[in-house]
1. Just flag the GluC sites (Glu not before Pro) in segment 134-167 sitting in loop per DSSP whose Cβ has no more than 11 other Cβ atoms within 10 Å.
2. Would you kindly give the portion of the calculated P(r) for segment 1-51 that falls above 18 Å, as a percent of all Cα pairs?
3. Go through LYS20/LYS115; LYS155/LYS186; LYS59/LYS115; LYS59/LYS186 and tell me which ones have a Cα-Cα distance over 27 Å in this structure.
4. Among all helices in the chain defined by DSSP H, which have a length of 27 Å or more along the axis from Cα atoms plus a Kyte-Doolittle mean of at least 0.0?
5. Can you give the Rg and Dmax of segment 66-186 based on its C-alpha atoms, in angstrom?
6. Could I have the simple spin-label model distance between ASN111 and LYS19, label points 7 Å from Cα toward Cβ, reported in nm to one decimal?
7. Based on the mean of other Cβ atoms within 10 Å per residue, sort peptides 24-35, 85-96 so the most packed one is first.
8. Modelling each spin label as a point 7 Å along the Cα-to-Cβ direction, I'd like the LEU121/ASN183 distance in nm, to one decimal.
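Nothing in this text is a laboratory measurement; each read-out follows from the coordinates by a stated rule. Bear in mind the structure is a predicted one, so any value in this text is a computation, not a measurement. Note that we place each Cβ from the backbone using ideal geometry, even for glycine, and neighbour counts take in every protein chain shown.
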Amino acid sequence: MAVSTKQSIIDCTISLAEKKPLKKITVGEIVKVCGITRNTFYYHFHDIYDVLDKAIREKLSDLENCDPTDDDQALFDTIEFMVSYKKVWRNLYKTLGQETLQRYIIGRMHNVFIKYINLHLGDYQLSEMDMGIITTYFEEALFGVLVRWIRGESKGDTPEEMHAITERIRVIFTGCLDLMIENIKKNPL
């Protein structure tokens, strides 16, 4: 019962966050839509941000822990997950600001990028410095694309457009990462 109640709270909160700013969503509104008590809400979550954080963490954890046949799939499934909730991300952006949202997203995505990079390395080991530079590069690049999309500076309002953009990111990132690894192998520390 607790899992379905918890998921119901997450679903209600995301649904509301797609319709209006987070600052205008109340716990009272969530419990009314879910048909639960305030105590039930607070049994599972501290506040609305905790609900969204839990939903994002669970999804990213699922993606990070999957063992896909395509070694890039976890990263690109993560990107598709993020673009599926444009209005929620826009509301988070407006509420938290760019710097806080950037720290949040990069903090949640870091392990996904590490896995993505390691799968491309094969048996080769990167130095800690090189791994740091590459992860920072990809994290900042992806966040830059994401924030421009959130602000409406790039296309991608329909699922088809976002899928096409995600596929282009895949092509660009994979080629870029492979080139980075080859350059490092040619010029080791």
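1. Values: sites: GLU139, GLU140, GLU153, GLU160, GLU161, GLU167; in loops: GLU153.
Hits after loop and neighbour filter: GLU153.
2. Working: 201 of 1275 pairs.
So the portion of pairs separated by more than 18 Å is 16 percent.
3. On the way: LYS20/LYS115 35 Å; LYS155/LYS186 38 Å; LYS59/LYS115 16 Å; LYS59/LYS186 37 Å.
As for pairs spanning more than 27 Å Cα to Cα, those are LYS20/LYS115; LYS155/LYS186; LYS59/LYS186.
4. On the way: long enough: 98-121 (32 Å, -0.09); 128-150 (32 Å, 0.77); 159-186 (40 Å, 0.03).
The qualifying helices are 128-150, 159-186.
5. Spelled out, the Cα radius of gyration and Dmax of segment 66-186 are 14.8, 45 Å.
6. Taking the two extended label points, one gets 3.4 nm.
7. On the way: 24-35: 14.7, 85-96: 18.2.
In decreasing order of mean packing, 24-35, 85-96 become 85-96, 24-35.
8. Each label point is offset 7 Å from its Cα along the Cβ direction, giving 1.8 nm.
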